[in-house]
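The structure appears below as C-alpha cells.
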Amino acid sequence: MSNNTRSSQVKTQAKFRNITLHFHNQGLRSYIEVDLCKECPRQDDKGCCAHYSPVFYPTDMAHLYIHEPGLIDLIFSREHITVLDTSVTVNHSIDGDSFRCSFHSKKSGCLLPQPMRESICRHFVCPGIAWWEESKLQPWKQFFDQLQSYEIELNNRIGQTLRTRGLTLRQPELRYSFLKEASKLYLEALRHPPSFYTQVPSHEIAYLKRELKYGQEWIL
Ligand code: SF4
C-alpha cells in the first residue's frame, strides 16, 4: 500500500465519529440528548441555536409554572418577545452574520434544563445524524411522531378552553389566571396519558457512527 493511499484512508476515517444519543421518555417532557452538541460540527459556538426562536405553548408554560415558576418570569423579562393569546416566542437576536437564541450562552450552551425547553428544543437532532433512519430506532421515531401530534392537539385544546374563559397572555393582568388555569388543565391531561407512552422504555441509549462535515456543510 503506497503512503498516499494510506494517508487518504486515514483522512476518510478521521471524518467518521461515534455518536451517543440518549432517548428519554418523560411523556410530554420527553427529550433527546446528543453528545455531538458539545463539539458541534458547525464550529460557531451556537449550532442549531443560531437559527431558532423558542415558542412556549400552554403545556410548556404550565410545566414551568408548576416546577420552576422563575423561568416564566425569565421568559417574560426577555427583551424581544412576541406574545399571542396562548403562546410566547422568545425571538433570537442578531449575532455576527447570523443569529443567536436569547437562552444560548457561548460558554455553556442552552441555559434552560432540557425538560424545561419547548418541544422543538427537546426533540431536535440535526439531519446529519438522522437517527430516524435506523431500523432499531423506529419505535422512538413512532413515539416522537405521535408525541408531536398529541402535544399540538393538547395545546390547541387547552388554548381553546382558556380563550372561552376570557384568558389571554396578551394582557399582563390576566397572565397569572391564565397560568393557574393552564396548569389545572395540564395536570388533568397528565392523569390520562395516551397509550403510545408505553411503546418505548423510559430511557434508551443508542450508538451511531456518522460521517461529519464541518461549518456550513453540516446541515441543520
Ligand atoms: S431555548 Fe435552548 S435549545 Fe432552544 S434554541 Fe434556545 S438555546 Fe437552543
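With the checklist (1) assigned to a loop (DSSP other than H, G, I, E, B); (2) within 11 Å of the ligand (Cβ to nearest atom); (3) within 26 Å of E153 (Cβ to Cβ); (4) not aliphatic (A, V, I, L, M) in hand, flag the one item D85 doesn't pass. With (1) assigned to a loop (DSSP other than H, G, I, E, B); (2) within 11 Å of the ligand (Cβ to nearest atom); (3) within 26 Å of E153 (Cβ to Cβ); (4) not aliphatic (A, V, I, L, M) applied to D85, the lone miss is (2). Would you confirm, using the coordinates I've provided, whether T59 is touching a helix residue (DSSP H, G or I) at 6+ places or on another chain (Cβ under 7 Å), away from the ligand (no atom under 12 Å from the Cβ) and not in a helix (DSSP H, G or I)? So T59 fails the test. Residues that are among the hydrophobic types (A, V, I, L, M, F, W, C) and within 8 Å of the ligand (Cβ to nearest atom) were ranked within region 98-123; the one that is farthest from A62 (Cα to Cα) is C101.
Restricting attention to region 161-175, the residues being in a helix (DSSP H, G or I) and surrounded by 12 or more Cβ atoms within 10 Å (Cβ to Cβ) number 5. Restricting to region 88-97, and then to whatever is crowded, with 17+ Cβ neighbours inside 10 Å and in contact (Cβ under 8 Å) with a residue 40 or more places away in the chain, can you tell me which residue is farthest from the ligand (Cβ to nearest atom)? In this case the residue turns out to be V88.
Restricting region 88-107 to residues that are more than 29 Å from Y186 (Cβ to Cβ) and part of a loop (DSSP other than H, G, I, E, B), the residue that is modelled with the lowest pLDDT is D97.
The values are calculated or read from the model by the stated rules, or taken from the named source; none is laboratory data. Computed from a prediction, not measured in an experiment: that's the story for all the values here. Reconstructed Cβ throughout: ideal geometry from the backbone, glycine too, with neighbour counts over all protein chains shown.
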